[in-house]
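Quick notes on the structure that follows.
The values are calculated or read from the model by the stated rules, or taken from the named source; none is laboratory data. From a predicted model like this one, the values you see are computed outputs, not experimental measurements. Methodologically, a virtual Cβ is constructed for each residue, glycine included, from the backbone with ideal geometry; neighbour enumeration extends over all protein chains shown.
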């Protein structure tokens, strides 16, 4: 549904009578205005403001979220924050654990991975669910899985597309949390997987919003 120059995500809109308290947004989760959050599958956004809009016969309490690395702003009903799995950014300890995980040998035996079309359909569904889960650990799993598959064969178009999406989500969050450049983060992510058989795409230009 469109609302002015914005889009409303999240399905059914429900009115919340209490929406602002002591400078914090009151709902299923507590966020401060100007907090940076992770919107699963889309990337890092900042909570710019809260507002109330009347759409039809409904009065909606909304977050205004502006994404940092793409020219997109959305309005999200408070009630849908939980359903969308929006979360605070991870801490540096979690990032360290992700890199430790990348350097550990993968326990999967790729000789037995089903690379047939039906096998890809199952893997693709699993990858998509993990990218949309909101958990950085799930995104890291997808990234490591595909980078390891790339050591066995050239990735298909679909595999490359998901790998790029996973890498982009990781770069965004790690870049913001650690205040590094996107290029530096990308090099660190790829370091454990040096022996892959396809050429990685050059990193896309990122916003200077940070």
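Some points to look at:
- Scanning segment 41-59 for residues that are part of a loop (DSSP other than H, G, I, E, B) and on the phi > 0 side of the Ramachandran plot yields 41, 56.
- Residue satisfying all of: in segment 102-133; in a loop (DSSP other than H, G, I, E, B) and at pLDDT below 75; nearest to the chain's Cα centre (by Cα) among these: 106
- Hits in segment 47-59 (condition: surrounded by fewer than 19 Cβ atoms within 10 Å (Cβ to Cβ) and either within 10 Å of residue 86 (Cα to Cα) or at pLDDT 85 or above (or both)): 48
- Among the residues making up segment 30-44, none is in contact with a strand residue (DSSP E or B) (Cβ under 6 Å, 6 or more places away or on another chain), crowded, with 19+ Cβ neighbours inside 10 Å and free of Cβ contacts under 8 Å to residues at least 40 places away in the same chain.
- Number of residues in segment 60-101 that are at pLDDT 90 or above and either in a loop (DSSP other than H, G, I, E, B) or buried (at least 18 other Cβ atoms within 10 Å of the Cβ) (or both): the value is 8.
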